[in-house]
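Reading through the structure tokens given below for one structure.
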2 protein chains.
Amino acid sequence: MNEQDFLAAYDPNAYPAVAVTADVVALTIRDGALHLLLIRRGAQPYAGHWALPGGFVRPDEDLATGARRELAEETGLGGEPLRRVHVEQLASYGAPDRDPRMRIVSVAHLAFAPDLPDPAAGTDAEAAAWVPVAELASRQLAFDHRRIVDDGLERARAKLEYTPLATRFLPPEFTIGDLRGVYETVWGHPLHPGNFHRKVLSVPGFVESTGTSTERGGSRGGPRARLYRAGDARLLHPALLRPAKEETAR
Amino acid sequence: MNEQDFLAAYDPNAYPAVAVTADVVALTIRDGALHLLLIRRGAQPYAGHWALPGGFVRPDEDLATGARRELAEETGLGGEPLRRVHVEQLASYGAPDRDPRMRIVSVAHLAFAPDLPDPAAGTDAEAAAWVPVAELASRQLAFDHRRIVDDGLERARAKLEYTPLATRFLPPEFTIGDLRGVYETVWGHPLHPGNFHRKVLSVPGFVESTGTSTERGGSRGGPRARLYRAGDARLLHPALLRPAKEETAR
DNA sequence: TCAATAGTGTCTGTTAGACAGTATCGC
DNA sequence: GCGATACTGTCTAACAGACACTATTGA
């Protein structure tokens, strides 16, 4: 049998049904706090529970495309603002009993977004909201989404160390202080302003000067700060390491 | 409708058929060279082509379990030797046209193994072999497996920097020189023996002394080396950074 | 004896981090 | 003026990398 005959005779339904979803851990910074996009499920199962935005991958779309589409549907975002959102694959979750309906493998994605407008509830969702990550401890999430969120947060913290993705939380032009705010928010530690400043400027390709400065000083005083935009580096050398990981890694 | 009624009425076949496979990028070191486990496909599609070991995930097994099972089937490995193989998820690949049969999402895994015996051809495979990574350039791989292998190799190189997984390529007891050989093989650079030695011993939890030494010196002379086993660290602090990444990252 | 390796000591350039100091702003 | 911030200078401890040296082994 040649390949053509083989394909003609092939029955896709001969195998047990599996479904694949693209779910998104979408992070943004609002009011100086890290926020996660959650939806309240309107349909079974876990109706009424908070969950990650996501849904079944369509037959003609790539996994990342599916994740972007789901994100767009939940946030009402499109065009240039959506293009500025960074989306990458996080990991896949496929425990046999993770969904009571059937075998569902979730390909989770991680998204970094600048401060976005409040989301509008989409098709399957009763509600959608940016939820402060600090409040997650007191909420119950559907499926194994707690685990996915934890993995996503850890990935985000790690990615800030060796990639310039912190700039994806900011508008196209930003100050070094703004950038430091992103690191402090995601890592949860205050950083030394002077050392951070020098370090950022010393990493080639991390930021590039716009030649301009802010119109006004900070809200609490201080000189006008110079404005920068993201540079062309895709990895930071040397990396900005998180302080004091301690020996907890062992 | 409550959740129970909903589930009873749920039809898993109402959605377009998707299949999920677990594929494995299995690496080992033989004769001082990095090798990859490949099989020659005996069935359509891509019959006769070399491909990664893998197959459909069974209804009752987790993704990682499926990857381990496929690896065991191809290598004939089991029991304690199989337990010593490190398997982790790499990434998922789901381009709509990556498999001509139907929509197949491959959850790729990465495996680090000590020197293993030659594999035996399994059920679907005409042949199976450890192939030197250096020879991959001249071989054509099925599906998008070239891309998966490239991603796996880059992940492996990066993982050696900040995890103690290099020890997974070695027997339970090894010398610092053995460990250096792993790094040199995977990274493709010679390392400074003296500095490497001191660095490894300075990282807490990377290796621990067995109190014993090798019975004989090296095959080309030299004193007997002290033996170590893997320590309890899961991350290396500080990391062993690759030398000279240059500015290629930009 | 010779070549190769294990393991240690030492030096230097670089860097992270602490601290200080000046200039500029909002209030 | 006062407090806060932007940005720069300086010092120190830690570290990577280069080099050197001794001791021990196989051939």
Based on the alpha carbons, how large is the Rg to Rh ratio for chain A when Rh follows Kirkwood? 1.04
Quickly work out the residue A:192-to-residue B:135 label distance, labels modelled 7 Å from Cα along the C-beta direction, and quote it in nm with one decimal. 5.4 nm
Sorted on mean Cβ neighbours within 10 Å (highest first), peptides B:159-171, A:148-160 come out as B:159-171, A:148-160
Amide H within-cut-off set for residue A:236, under 5 Å, with H built and near neighbours excluded: A:163
Under a 5 Å amide H to amide H cut-off, with H placed in plane at 1.01 Å, what residues pair with residue B:21 once short-range neighbours are removed? B:57, B:105, B:106, B:107
How far is helix B:63-75 tilted off the main Cα axis of chain B, in degrees rounded to 10, range 0 to 90? 70 degrees
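For the protein assembly as shown, give the percent of accessible area contributed by carbon and sulfur heavy atoms, probe 1.4 Å, rounded to a whole number.
It is 50 percent, rounded to a whole number.
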Say a label goes 7 Å from Cα toward Cβ at residue B:190 in every copy; what distances in nm does this one have to the rest, shortest first? 5.1
Projected label distance in nm at residue A:126 and residue A:47, using a 7 Å step from Cα toward the beta-carbon: 0.9 nm
Inter-copy label distances at residue B:80, 7 Å along the Cα→beta-carbon direction, one decimal in nm, shortest first? 6.5
Please figure out what share of the DSSP beta bridges in the protein assembly as shown is antiparallel and state it in percent, rounded to the nearest 5. 70 percent
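If you average the sequence gap of Cα pairs under 8 Å that are 6 or more apart and divide by the length of region A:12-155, what percent do you get for the contact order? Could the numbers behind the result be given before it?
On the way: 273 pairs, mean separation 49.6, N = 144.
The value is 34 percent.
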Starting from the amide H of residue B:127, placed 1.01 Å from N in the peptide plane, find each other amide H under 5 Å away whose residue is 5 or more places distant or on another chain. B:40
Inter-chain shielding of A:99-105 (mean C-beta neighbours from other protein chains, 10 Å cut-off): 5
Residue-normalised 222 nm signal for the protein assembly as shown, counting each DSSP H run of n ≥ 4 as -39,500 (n - 2.57), nearest 500 deg cm²/dmol, is -8000 deg cm²/dmol
Nearest 100 Å² is fine: what is the total accessible surface buried where chains B and A meet, probe 1.4 Å? 3900 Å²
For the rotation taking B to A, I'd like to know which residue in chain B has the C-beta closest to the axis, plus that distance in Å. B:92, 2
Nearest 20 debye, what's the magnitude of the dipole of region B:163-230 about its Cα centre given +1 on Lys and Arg Cβ and -1 on Asp and Glu Cβ? 140 debye
What is the dipole size for the protein assembly as shown, taken about its Cα centre, with +1 at each Lys and Arg Cβ and -1 at each Asp and Glu Cβ, in debye to the nearest 20? 2140 debye
Helix B:193-202: angle to the longest alpha-carbon principal axis of chain B, degrees 0 to 90, nearest 10? 70 degrees
What do you get for the angle between helix A:145-162 and the principal long axis of chain A? Use alpha-carbon atoms, 0 to 90 degrees, nearest ten. 40 degrees
Write down the accessible area per residue of the protein assembly as shown in Å², having rolled a 1.4 Å probe over the full set of protein chains. 48 Å²
Give, rounded to the nearest 20 debye, the magnitude of the charge dipole that chain B has about its Cα centre when Lys and Arg contribute +1 at Cβ and Asp and Glu contribute -1 at Cβ. 1140 debye
Within 10 Å of each Cβ in B:60-66, the average number of Cβ atoms from other chains: 4
Measure off 7 Å from each Cα along the Cα-to-Cβ vector at residue B:115 and residue A:220, then give the distance between these two points in nanometres to one decimal. 6.2 nm
Go through B:205-213, B:133-141, B:67-75 and give me the packing order, highest mean Cβ count within 10 Å leading. B:67-75, B:205-213, B:133-141
From the square roots a ≥ b ≥ c of the eigenvalues of the alpha-carbon gyration tensor of region A:69-207, which class results: rounded (a/c under 1.5), prolate (a/b over b/c), or oblate? prolate
Which distances, shortest first and in nm, link residue A:202 to the matching position in the other copies, using label points set 7 Å out along Cα to C-beta? 1.8
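The values are calculated or read from the model by the stated rules, or taken from the named source; none is laboratory data. In this text, all values refer to a predicted model and were calculated from it rather than measured experimentally. In this analysis, Cβ positions are derived from the backbone assuming ideal geometry, glycine residues included, and neighbour counts consider all displayed protein chains. SASA here: full protein model, heavy atoms, side chains in, ligands and nucleic acids out. Shrake-Rupley method; radii C 1.70, N 1.55, O 1.52, S 1.80 Å.
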